[in-house]
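**Student:** Dropping a structure here in structure tokens format, bear with me for questions.
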Amino acid sequence: MVCKTNLSFDEMWEKIIACDKTYDGIFFTAVITTKIYCRPSCRSRKPQKINVEFYHDINEVEKAGFRACKRCQPEVVHSPHIGLVNNVIAFLVNHYKQKLVLQDVANHVGVSSYYLERLFKQETSETPRTYLEKIRVDKAAHLLKTTDRTNLEICYEVGFQSPSNFYKVFRLIKKCSPTEYRNLEGKELP
């Protein structure tokens, strides 16, 4: 089962391999062979990809017969602000193609932009803007490898407003240009 976000199975798989805590609460990883579900950030040994299902809701994963991991305790909310941060992350993941400013995101979750930025950075060690840029670059990297679209088409497809900003942010995050990334065959991708 794939959860109801704009993330593909492979993108969610990448997040659990990276133990990305910013996706905790957005989706849950269920291991078919052990009948255990975890947070994306769980540090337990990673299962084989074919044995994994993703769910977006704890009730749904438990209804499917999985029990919570004793190591990462996905059923426990560790921060009183995690719900708000997860709401922001879900909004960014689902609206990354749109032109967004911090005030739009703050209005969506019902807090001031100053409070949102401070809280988000406290919980994720990133600002909402840098988080959104990472989402866009991950989507662009996927498109570079799976389509024949030009870099310019991909730039606008993933929500960047200018090619120069796209190239700058892509290089900052992936440590190479979009063209270099596309041409990396069989090498370790950044």
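The values are calculated or read from the model by the stated rules, or taken from the named source; none is laboratory data. Source: prediction; values computed, not measured. As a convention, Cβ positions derive from the backbone with ideal geometry for all residues, glycine included, and neighbour counts pool all protein chains shown.
**Student:** Looking only at segment 97-109, filter to residues that are touching a residue at least 12 places away in the same chain (Cβ under 8 Å) and farther than 23 Å from residue 154 by Cβ; which one of those is surrounded by the most Cβ atoms within 10 Å (Cβ to Cβ)?
**Tutor:** Residues of segment 97-109 that are touching a residue at least 12 places away in the same chain (Cβ under 8 Å), as a first pass: 97-100, 102, 105, 108-109.
If we keep only those that are farther than 23 Å from residue 154 by Cβ as well, we get 102, 105, 108-109.
On the way: 102: 17, 105: 22, 108: 16, 109: 17.
This residue is 105.
**Student:** Looking at this structure, is residue 156 among the aromatic types (Phe, Trp, Tyr) and farther than 20 Å from residue 102 by Cβ? Don't jump to the end; show me each part of the working.
**Tutor:** Details: among the aromatic types (Phe, Trp, Tyr): yes; farther than 20 Å from residue 102 by Cβ: yes.
The answer is yes for residue 156.
**Student:** Which one is modelled with the lowest pLDDT among residues in segment 62-104 that are charged (D, E, K, R), part of a loop (DSSP other than H, G, I, E, B) and more than 12 Å from residue 129 (Cα to Cα)? Walk me through it before giving the result.
**Tutor:** Step one: of segment 62-104, the residues charged (D, E, K, R) are 62-63, 67, 70-71, 75, 97, 99, 104.
When the remaining residues are screened for being part of a loop (DSSP other than H, G, I, E, B), the result is 70-71, 75, 97, 99.
Next, only the ones that are more than 12 Å from residue 129 (Cα to Cα) stay: 70-71, 75, 97.
Values: 70: 91, 71: 89, 75: 82, 97: 93.
Step by step, filter segment 62-104, then rank; the result is 75.
**Student:** Of the residues 137, 88, which single one is outside the structural domain of residue 173 (by TED's automatic domain parsing) and among the aliphatic types (A, V, I, L, M)?
**Tutor:** On the way: 137 fails: outside the structural domain of residue 173 (by TED's automatic domain parsing).
Testing whether each residue is outside the structural domain of residue 173 (by TED's automatic domain parsing) and among the aliphatic types (A, V, I, L, M) leaves just 88.
**Student:** If you don't mind, there's one more thing I want to ask. Give me the pairs, please: first residue somewhere in segment 15-32 and among the charged types (D, E, K, R), second residue anywhere and modelled with pLDDT under 85 and outside any loop (DSSP other than H, G, I, E, B), beta-carbon distance under 7 Å, and either six or more positions apart or on two chains.
**Tutor:** 15/23
**Student:** OK, next. Just the residues that are under 17 Å from residue 183 (Cβ atoms), of a type in the set (D, E, K, R) and either crowded, with 19+ Cβ neighbours inside 10 Å or at pLDDT 95 or above (or both), please, taken from segment 127-152.
**Tutor:** Scanning segment 127-152 gives no hits.
**Student:** Residues in segment 83-96: is at least one within 30 Å of residue 183 (Cβ to Cβ), touching a Gly at 6+ places or on another chain (Cβ under 8 Å) and surrounded by 15 or more Cβ atoms within 10 Å (Cβ to Cβ)?
**Tutor:** Taking segment 83-96 first, the residues within 30 Å of residue 183 (Cβ to Cβ) are 92-93, 96.
Subset that is touching a Gly at 6+ places or on another chain (Cβ under 8 Å): 96.
Now restrict to residues that are surrounded by 15 or more Cβ atoms within 10 Å (Cβ to Cβ): 96.
Among the residues of segment 83-96, at least one is within 30 Å of residue 183 (Cβ to Cβ), touching a Gly at 6+ places or on another chain (Cβ under 8 Å) and surrounded by 15 or more Cβ atoms within 10 Å (Cβ to Cβ), which makes the answer yes.
**Student:** Keeping to segment 41-56, report how many residues are part of a loop (DSSP other than H, G, I, E, B), loosely packed, with under 13 Cβ neighbours inside 10 Å and either touching a residue at least 24 places away in the same chain (Cβ under 8 Å) or of a type in the set (Lys, Arg) (or both). Can you show your working first?
**Tutor:** Within segment 41-56, the first condition is being part of a loop (DSSP other than H, G, I, E, B), and the residues that meet it are 41-48, 56.
The next check asks that each one be loosely packed, with under 13 Cβ neighbours inside 10 Å; those that pass are 43, 45, 48.
Adding the requirement that they be either touching a residue at least 24 places away in the same chain (Cβ under 8 Å) or of a type in the set (Lys, Arg) (or both) leaves 43, 45.
Adding up the residues that qualify gives 2.
**Student:** Let me ask something additional. Can you confirm whether segment 14-32 contains a residue that is over 18 Å from the mean Cα position of the chain (by Cα) and surrounded by fewer than 14 Cβ atoms within 10 Å (Cβ to Cβ)?
**Tutor:** Here is the first cut: in segment 14-32, the ones over 18 Å from the mean Cα position of the chain (by Cα) are 31-32.
Checking which are surrounded by fewer than 14 Cβ atoms within 10 Å (Cβ to Cβ) leaves us with none.
So far as segment 14-32 goes, no, none of its residues is over 18 Å from the mean Cα position of the chain (by Cα) and surrounded by fewer than 14 Cβ atoms within 10 Å (Cβ to Cβ).
**Student:** Continuing with this model, one more query. Take the residues in segment 146-185 that are in contact (Cβ under 8 Å) with a residue 40 or more places away in the chain and assigned to a helix (DSSP H, G or I); name whichever of them is nearest to residue 94 (Cα to Cα).
**Tutor:** The first filter runs over segment 146-185 and keeps only residues in contact (Cβ under 8 Å) with a residue 40 or more places away in the chain, leaving 157-159, 161, 173, 181.
Filter again for assigned to a helix (DSSP H, G or I), leaving 157, 173, 181.
Working: 157: 14, 173: 21, 181: 25 Å.
Here the answer is 157.
**Student:** Sticking with this structure for a sec: Tell me the residue from 136, 129 that is charged (D, E, K, R) and touching a Gly at 6+ places or on another chain (Cβ under 7 Å), please.
**Tutor:** 136
**Student:** Within segment 158-170, count every residue that is buried (at least 16 other Cβ atoms within 10 Å of the Cβ) and of a type outside the set (Val, Ile, Thr). Show your work before the answer.
**Tutor:** Going residue by residue through segment 158-170, those that are buried (at least 16 other Cβ atoms within 10 Å of the Cβ) are 158-160, 166-167, 169-170.
If we keep only those that are of a type outside the set (Val, Ile, Thr) as well, we get 159-160, 166-167, 170.
Qualifying residue count, segment 158-170: 5.
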